Amino acid sequence: MKCRVIAVLGTRPEAIKLALVIQELRRRSDEFEIAVIHTGQHRTMLDSALKLFKIKPDFDLDVMRPNQTLSSLTARVLDTVENACSRFQPHMVLVQGDTTTAFASALAAYYCKIAVGHIEAGLRSRDIYNPFPEEANRRLVSVMTEIHFAPTALSRDNLLAEGVPSEKIVVTGNTVVDTLRALGEVPHSWEHTALEGIPQNHGRLVLVTSHRRESWGTDQEHMCLALKDLVTKHHDIRIVYPVHMNPNVRSTVNALLQDTERIHLTEPLDYITFVSLLRHSFLVLTDSGGIQEEAPTFGKPVLVLRKVTERPEASQFGMAKIIGMSREAIVREADRLLTDTDAYQDMSEGENPYGDGHSSERIVEAVARWSQTKTPLLEADKEFKLPPRVHPRRRRSDFSQNAAKAATAGKE
Ligand code: UD1
Ligand code: UDP
């Protein structure tokens, strides 16, 4: 009998990170029967990714409402995903990450007593209000999960520290690196995109994104003022800021930054265009989870606009720095990278610590073995290991020490 799997997505990062998993499940169609649920938590921001990766949802639940509340969104996802599960009768529901779609879908599957496979499991900031509500969402999913697909050794250690049995954890790498590799090196023209007219090679491009709930209001305002300070101070830079569709983000950003010289506010970009912008950027300022994981592939230093991150690997290896949202810190840290060549060079070397492009294969292989009650879920030598040359000046032993410290902190 084939293993029946539902993959649930609803937001932009879920579509991008599940694309290759869905492709791999489809490739192994002699073993799997698959249905894709699109909750519709995002109505437009992920359409281009679905098109790009030729994903046609089998269930479109259309839950998005303008300026939706977390509670009403959760209730709609819970109800509609349960209904889809009872129609498709899967053996496993795969969810990705920490969104309301992931949490409420896992809960719906659990209520139906269907096994949950959690992709990108075990990331922890240890502060349930940063990121909000994602830290709690991700932890709540863990409680209901049958297989934990931890992207890195650190995320595995976080789960072990919480008492998750090691035989239920597979270290896979992050699927976003698979997606980036699948795009390849194809040059992409900015003509007829939201970037049309922005010079690619004259001056330095600073890429900015920010959308987290915990930053709405004052923090977001300070960040906007810092961006104005930076263009005033550095005449050779242009800031490109694709603005998230959340109205709470748009109102502040548009009010403070519209019509500012050398600050380009754009609509959300389709994935290929966004990755092209990332390649052409000198520096990245972001609170996005996915962009923190993507930038190291292109050697782009990241200043993380958050108080804490659940993805500390890049900062542990010196490719990113967590700087918070104060105006002073943003100006100071960006200033340093724009003026100090050694500091810049130091942050732009090394391989991506989040994945090697084979995460989706590992996930699907583990689901296949689980469905055949084979153990282990994946042989240890097939799991994702940190690349040997993560950073020229930071050896793997440094990482192990940091990971051990993080795991210990979790037990305290
Ligand atoms: C959501 C996720 C967040 C993730 C982010 C990725 C939750 C609680 N939050 O945040 O973890 O990092 O997506 O982008 O799951 N909107 C549109 N069109 C769209 C998408 C959004 O108009 O295609 C507007 C709507 O008014 C919507 C609002 O944005 O009500 C908020 O969307 P929502 O998914 O609730 O939160 P995000 O801030 O997008
Ligand atoms: N992204 C995109 N277009 C944009 C901004 C981001 O395609 O205009 C991609 C980005 O490459 C990454 C993902 O969207 O893969 C991140 O989404 P987001 O920042 O919305 O969510 P998070 O990762 O913080 O949950």
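The values are calculated or read from the model by the stated rules, or taken from the named source; none is laboratory data. Note that this is a predicted model, so its numbers are computed, not measured. Counting neighbours? That spans all protein chains shown, and the Cβs are built from the backbone with ideal geometry, glycine included.
What to note about this one:
- Tallying residues that are more than 16 Å from ligand 1 (Cβ to nearest atom), touching a residue at least 24 places away in the same chain (Cβ under 8 Å) and surrounded by fewer than 22 Cβ atoms within 10 Å (Cβ to Cβ) within the stretch 198-214 yields 6.
- The stretch 276-304 residues that are farther than 18 Å from H211 by Cα and charged (D, E, K, R), paired with ones that are assigned to a loop (DSSP other than H, G, I, E, B) and more than 16 Å from ligand 1 (Cβ to nearest atom) (beta carbon under 9 Å, 6 or more apart): R279/H188; R279/K300; K300/S281; K300/F282; K300/M319; K300/S348
- Within the stretch 84-102, tally of residues that are out of contact with any Ser or Thr (no Cβ under 7 Å at 6 or more places or on another chain) and closer than 20 Å to I16 by Cβ: 5
- Residue that is nearest to N246 (Cα to Cα), among those in the stretch 57-66 that are more than 16 Å from ligand 2 (Cβ to nearest atom), of a type outside the set (D, E, K, R) and assigned to a loop (DSSP other than H, G, I, E, B): P66
- Taken over the stretch 2-34, the criterion of being closer than 12 Å to M92 by Cβ, surrounded by fewer than 20 Cβ atoms within 10 Å (Cβ to Cβ) and in contact with a Lys or Arg (Cβ under 9 Å, 6 or more places away or on another chain) is satisfied by E33 alone.
- Residues in the stretch 282-300 that are more than 11 Å from ligand 2 (Cβ to nearest atom) and buried (at least 21 other Cβ atoms within 10 Å of the Cβ) were compared, and the one that is farthest from M325 (Cα to Cα) is P296.
- Of the residues making up the stretch 106-151, those that are assigned to a strand (DSSP E or B), of a type in the set (A, V, I, L, M, F, W, C) and touching a helix residue (DSSP H, G or I) at 6+ places or on another chain (Cβ under 7 Å) are V116, I119, I147, F149, A150.
- Residues within the stretch 336-387 that are surrounded by 14 or more Cβ atoms within 10 Å (Cβ to Cβ), small (G, A, S) and free of Cβ contacts under 8 Å to residues at least 60 places away in the same chain, tallied: 3
- You will find that of G97, G173, G122, the residue that is free of Cβ contacts under 8 Å to residues at least 60 places away in the same chain, under 17 Å from the mean Cα position of the chain (by Cα), buried (at least 22 other Cβ atoms within 10 Å of the Cβ) and at positive phi is G122 and no other.
- Within the stretch 82-105, tally of residues that are part of a helix (DSSP H, G or I), more than 16 Å from ligand 1 (Cβ to nearest atom), closer than 26 Å to A366 by Cβ and among the polar types (S, T, N, Q): 1
- Residue in the stretch 67-81 that is within 10 Å of ligand 1 (Cβ to nearest atom), part of a loop (DSSP other than H, G, I, E, B) and free of Cβ contacts under 8 Å to residues at least 60 places away in the same chain present: yes
- Unique match (being more than 11 Å from ligand 2 (Cβ to nearest atom) and surrounded by fewer than 18 Cβ atoms within 10 Å (Cβ to Cβ)) among E333, E267, E328: E328
- Considering G289, G318, G299, the condition of being touching an Asp or Glu at 6+ places or on another chain (Cβ under 8 Å), within 15 Å of ligand 1 (Cβ to nearest atom) and not aliphatic (A, V, I, L, M) is satisfied by G289 alone.
- The stretch 2-22, residues that are of a type in the set (G, A, S), touching a Leu at 6+ places or on another chain (Cβ under 7 Å) and either without any contact (Cβ under 8 Å) to a residue 60 or more places away in the chain or farther than 16 Å from E361 by Cα (or both): A15
- Condition check for S48 on (1) closer than 23 Å to I291 by Cβ; (2) more than 11 Å from ligand 1 (Cβ to nearest atom); (3) among the small types (G, A, S); (4) surrounded by fewer than 20 Cβ atoms within 10 Å (Cβ to Cβ): one failure, at (2).
- When E349 is tested against (1) part of a loop (DSSP other than H, G, I, E, B); (2) modelled with pLDDT of 95 or more, only condition (2) is not met.
- Sole exception among (1) within 16 Å of ligand 2 (Cβ to nearest atom); (2) outside any helix (DSSP H, G or I) for V36, by number: (1)
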